[in-house]
């Protein structure tokens, strides 16, 4: 069993830091790097990319709304053509930094409110993924479970890998529960570990309402800004390995799958 372990990193701004990127980078296989809109800035992006390359960690763009004050977790009313251009802008920024450091960007993911809206609404998912396809059709879409995003990726021939958010509750449709609702964010470490154990051994997740949801992700996500993220990630890695799993970035997983750069979904 191969599983990617990834985290959202580079989410500070100027002298302000968010989370312990250095410690997390030694535990994960893929990094989702903030691209300056919901968090991050050019220097932090460059520092995060260099750190990832030193540790052999894949680099991906973590794109969001232009909302630093709200950390990208507030829904913004932006015309879709403008929003698609913002996605391209963020992808280009991180791809340029990775290229300057002699590497390449392997994947992308949507952050916060932008990701939740695209996951729930095909009218948003399609134009945003069209922008990604125009930028780089080989770029892997790392996403929480979403018929809208997975369907758009399939129609556009984009590789997609489902990621399980270990500390977030899911509804019966496989979408993330709004952070405004009680229990949407799971803070109990033992409960998070139990969810991952169930996922890896049974291929199911208990939803917010107590129902059973089938799920076969290629990646497990940890939020780098969450208190205790380093300790939790260490325990997650130990749990995965104790079950016979190997920590492998999604780019290397999909490289072994015939047709992974076509319209198939993974």
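The values are calculated or read from the model by the stated rules, or taken from the named source; none is laboratory data. Keep in mind it's a predicted model, so treat the numbers as computed, not measured. Cβ atoms come from the backbone with ideal geometry, glycine included; neighbour counts cover every protein chain shown.
Quick notes on this structure:
- Within the range 151-170, the set of residues being at negative phi and in a loop (DSSP other than H, G, I, E, B) comprises 158, 159, 166, 167, 169.
- Filter result (more than 15 Å from residue 33 (Cβ to Cβ) and in a loop (DSSP other than H, G, I, E, B)) within the range 72-93: 73, 74, 75, 76, 77, 78, 79
- Scanning the range 58-69 for residues that are over 11 Å from residue 9 (Cα atoms), at pLDDT 95 or above and out of contact with any helix residue (DSSP H, G or I) (no Cβ under 6 Å at 6 or more places or on another chain) returns 66, 67.
- Taken over the range 1-26, the residue count meeting the criterion of being more than 13 Å from residue 38 (Cα to Cα) and touching a strand residue (DSSP E or B) at 6+ places or on another chain (Cβ under 9 Å) is 11.
- Residues in the range 109-123 that are buried (at least 21 other Cβ atoms within 10 Å of the Cβ) and in contact with a helix residue (DSSP H, G or I) (Cβ under 6 Å, 6 or more places away or on another chain) were compared, and the one that is nearest to residue 249 (Cα to Cα) is 110.
- Scanning the range 83-107 for residues that are within 18 Å of residue 252 (Cβ to Cβ) and touching a strand residue (DSSP E or B) at 6+ places or on another chain (Cβ under 6 Å) gives 98, 105, 106, 107.
- Residue tally, condition crowded, with 19+ Cβ neighbours inside 10 Å and either in a helix (DSSP H, G or I) or free of Cβ contacts under 8 Å to residues at least 12 places away in the same chain (or both), over the range 94-108: 4
- Subset of the range 125-147 [part of a helix (DSSP H, G or I) and either at pLDDT 95 or above or more than 15 Å from residue 163 (Cα to Cα) (or both)]: 125, 126, 127, 128, 129, 130, 131, 132, 133, 134, 135
- Selection of the range 1-40 for residues being surrounded by fewer than 24 Cβ atoms within 10 Å (Cβ to Cβ), in a loop (DSSP other than H, G, I, E, B) and touching a residue at least 12 places away in the same chain (Cβ under 8 Å) yields 1, 12, 14, 18, 19, 20, 26, 27, 36, 37.
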